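Visitor: One structure, pasted below without further comment.
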Amino acid sequence: MKRALITGVTGQDGAYLSEFLLKRGYEVYGLLRRSASSDVVAERLRWLGIQDDVRLIDGNLTDISSLIRALQEVKPDEVYNLGAQSFVKASWNQPLLTGNVTAMGAGNLLEAVRLVAPGARFYQASSSEMYGKIQEARQSESTPFYPRSPYAVAKLYAHWLTVNYRESFGLHASSGILFNHESPLRGIEFVTRKITDGVARIKLGLADELRMGNLEATRDWGHARDYVQGMWLMLQQDEADDYVLATGRTTSVREFCRMAFAHVGLDWEAYVKTDSTFLRPAEVEVLMGDASKAQRKLGWAATTSLEEMVAEMVEADLARHKARGA
């Protein structure tokens with residue numbers, strides 16, 4: 001039975017990855033950063049019905065001693081680094097925290113793996129935000145990076161450090177450059193969940209408008225459930241490498257709004273209001289990924305359409321609000 005250690009296990013990707021690995025017979029361990037809200041941090045695991053199957057271990061990406069102890073205890077075959085300060089807009093307000101957790105946290109974990117578990121296979125969650133001010137219309141593994149936020153800069157450090165540890169120390173360390181991937185488990189602060197939650201509240205009479213920032217930004221949106229399979233496939237390869245995971249389709253925030261409101265029979269233009277307070281200091285206008293390498297070498301492709309994902313997210317938020325009002 002293989003063992004996997006996941007940082008960020010209570011987040012969207014960590015929850016879906018845990019579910020995926022458990023179905024394949026893994027023992028799944030999750031690194032848990034203790035906080036005053038520890039009673040609700042496993043809500044996503046509960047949503048998937050796997051909260052009793054994931055073994056949580058105290059630790060923090062900013063504390064290498066806790067990472068070493070976790071690795072010594074688990075003795076993992078695979079390590080997935082999904083933990084980060086991952087809200088892009090917050091990274092301008094907390095740039096040093098973002099650097100400490102997202103950049104140096106990955107460095108701490110790589111060093112701990114090198115010292116304690118050099119035979120483990122390592123996955124780094126890189127991000128399409130690293131492309132930022134895009135240098136090519138479709139972004140692939142060879143597209144130059146131009147980060148536009150402290151978050152993207154931190155992710156880029158972690159990405160290149162993963163490459164460096166692979167080349168310097170022979171670690172089986174791979175990075176997945178994942179384009180936007182969403183689901184009903186997405187945090188409410190992210191634009192897609194903000195939209196679907198707003199649609200649900202408006203439909204149920206709990207709100208009468210949805211205030212948004214840049215409606216013209218376009219993203220390559222897929223379903224997180226598809227993308228965690230790609231993470232796993234990377235670590236099953238004989239040689240470590242870096243891969244883009246994306247749908248190859250780009251859609252504007254405006255169009256996402258239209259689709260979400262249309263699902264409940266509403267006209268988005270009657271409810272969505274633009275608000276400059278939600279604009280980023282430096283915007284990433286468009287992202288669209290080229291996942292041909294992952295399709296060719298991993299046999300991976302996104303299988304959930306944007307329309308299916310939007311409908312699933314809206315229905316989940318409707319169910320949440322109805323349950324709260326019951």
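Visitor: Answer yes or no as to whether SER174 is surrounded by 23 or more Cβ atoms within 10 Å (Cβ to Cβ), more than 22 Å from VAL286 (Cα to Cα) and touching a residue at least 60 places away in the same chain (Cβ under 8 Å).
Guide: Against the criterion (surrounded by 23 or more Cβ atoms within 10 Å (Cβ to Cβ), more than 22 Å from VAL286 (Cα to Cα) and touching a residue at least 60 places away in the same chain (Cβ under 8 Å)), SER174 qualifies.
Visitor: Looking only at residues in the stretch 196-233 that are buried (at least 17 other Cβ atoms within 10 Å of the Cβ) and acidic (Asp, Glu), which one is nearest to ASP267 (Cα to Cα)?
Guide: ASP197
Visitor: Under 15 Å from the mean Cα position of the chain (by Cα), hydrophobic (A, V, I, L, M, F, W, C) and surrounded by fewer than 16 Cβ atoms within 10 Å (Cβ to Cβ) - does that describe any residue in the stretch 123-131?
Guide: No, because not a single residue in the stretch 123-131 is under 15 Å from the mean Cα position of the chain (by Cα), hydrophobic (A, V, I, L, M, F, W, C) and surrounded by fewer than 16 Cβ atoms within 10 Å (Cβ to Cβ).
Visitor: While we're here: ARG148: within 20 Å of ALA90 (Cβ to Cβ), touching an Asp or Glu at 6+ places or on another chain (Cβ under 9 Å) and surrounded by fewer than 21 Cβ atoms within 10 Å (Cβ to Cβ), yes or no?
Guide: yes
Visitor: Right, here's the next one. Out of the stretch 226-254, which residues are part of a helix (DSSP H, G or I) and not assigned by TED's automatic domain parsing to the domain that holds LYS194?
Guide: ASP226, TYR227, VAL228, GLN229, GLY230, MET231, TRP232, LEU233, MET234, LEU235
Visitor: Now, a different point. Give the residue, chosen from VAL284, VAL314, that is at pLDDT 95 or above and either assigned by TED's automatic domain parsing to the domain that holds GLN135 or β-branched (Val, Ile, Thr) (or both). Full working, then the answer.
Guide: Working: VAL284 fails: at pLDDT 95 or above.
When all the criteria are applied, what remains is VAL314.
Visitor: Looking only at the stretch 96-122, filter to residues that are small (Gly, Ala, Ser) and within 18 Å of ALA152 (Cα to Cα); which one of those is farthest from the chain's Cα centre (by Cα)?
Guide: If we filter the stretch 96-122 for residues that are small (Gly, Ala, Ser), which is where we start, we get 99, 103, 105-107, 112, 117, 119-120.
Applying the additional criterion that residues be within 18 Å of ALA152 (Cα to Cα) yields 99, 103, 105-107.
Working: GLY99: 17, ALA103: 15, GLY105: 16, ALA106: 15, GLY107: 18 Å.
Across the stretch 96-122, the extreme among qualifying residues is GLY107.
Visitor: Let me ask something else about it. Looking at (1) within 30 Å of ASN164 (Cα to Cα); (2) in contact (Cβ under 8 Å) with a residue 12 or more places away in the chain, can you tell me which one GLN295 breaks?
Guide: The number of the failed condition is (2).
Visitor: Is it the case, given these coordinates, that THR98 is assigned to a helix (DSSP H, G or I) and touching a Ser or Thr at 6+ places or on another chain (Cβ under 6 Å)?
Guide: yes
Visitor: Moving on. Taking into account only those residues within the stretch 273-314 that are within 16 Å of THR196 (Cβ to Cβ) and among the hydroxyl-bearing types (Ser, Thr, Tyr), which is surrounded by the fewest Cβ atoms within 10 Å (Cβ to Cβ)?
Guide: SER305
Visitor: Determine which single condition ALA152 fails, assuming it passes every other condition in (1) under 21 Å from GLY248 (Cα atoms); (2) in a loop (DSSP other than H, G, I, E, B).
Guide: Result: ALA152 passes all but (2).
Visitor: How many residues does the stretch 287-302 contain that are among the hydrophobic types (A, V, I, L, M, F, W, C) and either in contact with a His (Cβ under 7 Å, 6 or more places away or on another chain) or over 15 Å from GLN236 (Cα atoms) (or both)? Write out each step before concluding.
Guide: Kept after step one, since they are among the hydrophobic types (A, V, I, L, M, F, W, C), are these residues of the stretch 287-302: 287-288, 291, 294, 298, 300-302.
Subsequent filtering for residues that are either in contact with a His (Cβ under 7 Å, 6 or more places away or on another chain) or over 15 Å from GLN236 (Cα atoms) (or both) retains 287-288, 291, 301-302.
Number satisfying all stated conditions: 5.
Visitor: Let me ask another. Taking the stretch 118-140 on its own, how many of its residues are over 30 Å from ILE68 (Cα atoms) and either of a type outside the set (Ser, Thr, Tyr) or at pLDDT below 95 (or both)? Show your work before the answer.
Guide: The initial filter retains those residues of the stretch 118-140 that are over 30 Å from ILE68 (Cα atoms), namely 131-140.
Filter once more, keeping what is either of a type outside the set (Ser, Thr, Tyr) or at pLDDT below 95 (or both): 132-139.
Qualifying residue count, the stretch 118-140: 8.
Visitor: Of everything in the stretch 311-326 that's hydrophobic (A, V, I, L, M, F, W, C) and more than 17 Å from the chain's Cα centre (by Cα), which residue is farthest from ARG186 (Cα to Cα)?
Guide: Per the stated criteria, the residue is ALA326.
Visitor: So, in the stretch 255-281, how many residues would count as being modelled with pLDDT under 95, farther than 19 Å from ALA207 by Cα and charged (D, E, K, R)?
Guide: 1
Visitor: What about VAL191, is it touching a residue at least 12 places away in the same chain (Cβ under 8 Å), assigned by TED's automatic domain parsing to the domain that holds ALA106 and among the β-branched types (Val, Ile, Thr)?
Guide: Details: touching a residue at least 12 places away in the same chain (Cβ under 8 Å): yes; assigned by TED's automatic domain parsing to the domain that holds ALA106: no; among the β-branched types (Val, Ile, Thr): yes.
No; evaluated as a whole, the condition is false for this residue.
The values are calculated or read from the model by the stated rules, or taken from the named source; none is laboratory data. Not measured: the values here are computed from a predicted model. Every residue, glycine among them, receives a Cβ derived from its backbone with ideal geometry; neighbour counts consider all protein chains shown.
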